[in-house]
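Student: Pasting a structure below so you can have a look.
The values are calculated or read from the model by the stated rules, or taken from the named source; none is laboratory data. Note that the structure is a prediction, hence the values are computed from the model and not measured. Glycine also receives a Cβ, built like all others from the backbone with ideal geometry; neighbour counts cover every protein chain displayed.
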Amino acid sequence: MKEKEKEKEKEKERKAWRPLTANCCSVEEQTVFRNFSRCRPSRSDLSKNIGPLPSFRRLSFSDLSRSSSTSRINEDLAQSFGSDLYDFQLSELRAITHNFSSNFLLGEGGFGRVHKGYIDDNLRQGLKPQPVAVKLLDIEGLQGHREWLAEVIFLGQLRHQNLVKLIGYCCEDEERLLVYEFMPRGSLENHLFKRMSVSLPWGTRLKIATGAAKGLAFLHGAEKPVIYRDFKTSNILLDSDFNAKLSDFGLAKMGPEGSNTHVTTRVMGTYGYAAPEYVSTGHLTTRSDIYSFGVVLLELLTGRRAMDKTRLKSEQNLVDWAKPYLSSSRRLRCIMDPRLAGQYSVKGAKEMALLALQCVSLNPKDRPRMPAIIETLQGLQQLRDMAATCGQWPQSSPKPSAQNAALSSAKREKRRQS
């Protein structure tokens, strides 16, 4: 009888699910999914106990590709974060979003959908009534479970006024959801590039750039530096006072440790924002984020997207197109966002352009550090000179010569006599 029981146990072990590695590649001893739809576990497998995780308190960010049962994940997260993060039930999130109604849809991307919800004072004890944003991650998408877990771990530990606040999460069967504070002004991308939106004033653009820089500086200056890896206008969210907060940490990465100068990883992010040395080598450093920051500065200056396939081929890549204009005040006028209608500080625009030029330098060592960037941007907020008051740059007309003045006077006299 005992032999039969042992045989059954062995059979269970043989049938235990293991991650598939077909069409995958290995980087840093991790399984990285190129074709997630083929490499992912089935939906039913996600709810099974696949294998024990190490204690969450010892869980490093390099362990994010590992899998476990939903009950074990929730147990580990609760043990690590306690009351700092709420473990929501799927039924609760359905209720506050009216069953994820399309009327409450805030946005949709590669990660999945984001819905607005409202938490009342009856939902959870100690949780104040407030609007929230609920993100449903697409488990079958390219980001999936690993990015969901990365976001919980990063935002569960990192708190700063310029990082969006994670309120809680939901890990139930195959569903993976995140609950954030609601940002009423939406993303910087919407304000810069949506035709229906009111143009951002110059002072507000400076405020947003400074706030985003502080968020990035906090990440780079952490005890264990964090490389954001996806700095772009759509990930900069704005509260009611246009304070900038960084969101979406699914691609964030721990920086190099010890004597290492970089992290070697799979190239991920958004084309047009990613640093060229990272794209070509896979070597990731905090300087990679600074390149992306420079691209966003150019977007704030020009009102153009980092990549725009609708434009002429020579103008599609913002960095390549803008670079020749950035070091000359006279040439800079030609690429300033026309929606500003000339209402900006000439000196401030010049300084921001030079700062952007440093940030997008092809040599990573020539890029400034975040504290220096913040200092420069804060100095620009004190400038009050404006380019023009009528929406156009004033055209300088040549002064009339003495001979022309005499002729004009003679003509006026002749007309009076006639």
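Each row is one residue, and each column tells you yes or no for (1) aliphatic (A, V, I, L, M); (2) closer than 25 Å to LEU105 by Cβ; (3) within 13 Å of the chain's Cα centre (by Cα).
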{"position": "LEU177", "(1), (2), (3)": "yes, yes, no"}
{"position": "LEU200", "(1), (2), (3)": "yes, yes, no"}
{"position": "GLY203", "(1), (2), (3)": "no, no, no"}
{"position": "GLY221", "(1), (2), (3)": "no, no, no"}
{"position": "TYR228", "(1), (2), (3)": "no, no, yes"}
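Student: Another one. When the stretch 263-298 is examined, which residues are found to be polar (S, T, N, Q), in a helix (DSSP H, G or I) and farther than 19 Å from HIS191 by Cβ?
Tutor: Passing the criteria: SER280, THR281, THR286, SER288.
Student: Return a yes/no flag: does the stretch 242-253 have any residue that is more than 23 Å from SER197 (Cα to Cα), assigned to a helix (DSSP H, G or I), touching a helix residue (DSSP H, G or I) at 6+ places or on another chain (Cβ under 9 Å) and among the aliphatic types (A, V, I, L, M).
Tutor: no
Student: Further question on the same structure: Looking at ASP230, ASP248, which one is modelled with pLDDT under 90, charged (D, E, K, R) and buried (at least 19 other Cβ atoms within 10 Å of the Cβ)?
Tutor: Matching residue, one of ASP230, ASP248: ASP248.
Student: While we're here: May I ask you to list the residues in the stretch 201-241 that are in a strand (DSSP E or B) and within 23 Å of THR302 (Cα to Cα)?
Tutor: ILE236, LEU237, LEU238
Student: Additional query: Could you please find all residues in the stretch 262-318 being of a type in the set (Lys, Arg) and either touching a strand residue (DSSP E or B) at 6+ places or on another chain (Cβ under 6 Å) or at pLDDT below 90 (or both)?
Tutor: ARG266
Student: So, one more: For the stretch 324-343, does any single residue satisfy the condition of being touching a residue at least 40 places away in the same chain (Cβ under 8 Å), assigned by TED's automatic domain parsing to the domain that holds ALA274 and among the aromatic types (Phe, Trp, Tyr)?
Tutor: The answer is no; no qualifying residue exists.
Student: List the pairs whose first member sits in the stretch 372-386 and is of a type outside the set (Gly, Ala, Ser), whose second member is surrounded by fewer than 17 Cβ atoms within 10 Å (Cβ to Cβ), and whose Cβ atoms are under 7 Å apart, counting only residues at least 6 apart or on separate chains?
Tutor: Once the first residue is of a type outside the set (Gly, Ala, Ser) and sits in the stretch 372-386, its partners that are surrounded by fewer than 17 Cβ atoms within 10 Å (Cβ to Cβ) give THR376/GLU351; LEU380/GLU351; LEU383/LYS347; ASP385/LYS347; MET386/GLN343.
Student: Let me ask something additional. Out of the residues in the stretch 251-261 that are at pLDDT below 80 and surrounded by 15 or more Cβ atoms within 10 Å (Cβ to Cβ), which is farthest from LYS135 (Cα to Cα)?
Tutor: Only one residue fits best here, namely PRO256.
Student: Here's another thing I want to ask about it. In the stretch 355-364, is there at least one residue being in a helix (DSSP H, G or I) and among the β-branched types (Val, Ile, Thr)?
Tutor: No: the stretch 355-364 contains no residue that is in a helix (DSSP H, G or I) and among the β-branched types (Val, Ile, Thr).
The rows are residues; the columns are (1) crowded, with 22+ Cβ neighbours inside 10 Å; (2) closer than 24 Å to ILE374 by Cβ; (3) among the charged types (D, E, K, R); (4) under 16 Å from the mean Cα position of the chain (by Cα).
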residue: SER280; (1), (2), (3), (4): no, no, no, no
residue: LEU284; (1), (2), (3), (4): yes, yes, no, no
residue: ARG304; (1), (2), (3), (4): no, no, yes, no
residue: LYS309; (1), (2), (3), (4): no, no, yes, no
residue: SER314; (1), (2), (3), (4): no, no, no, no
residue: ASP320; (1), (2), (3), (4): no, no, yes, no
residue: LEU332; (1), (2), (3), (4): no, yes, no, no
residue: PRO338; (1), (2), (3), (4): no, no, no, no
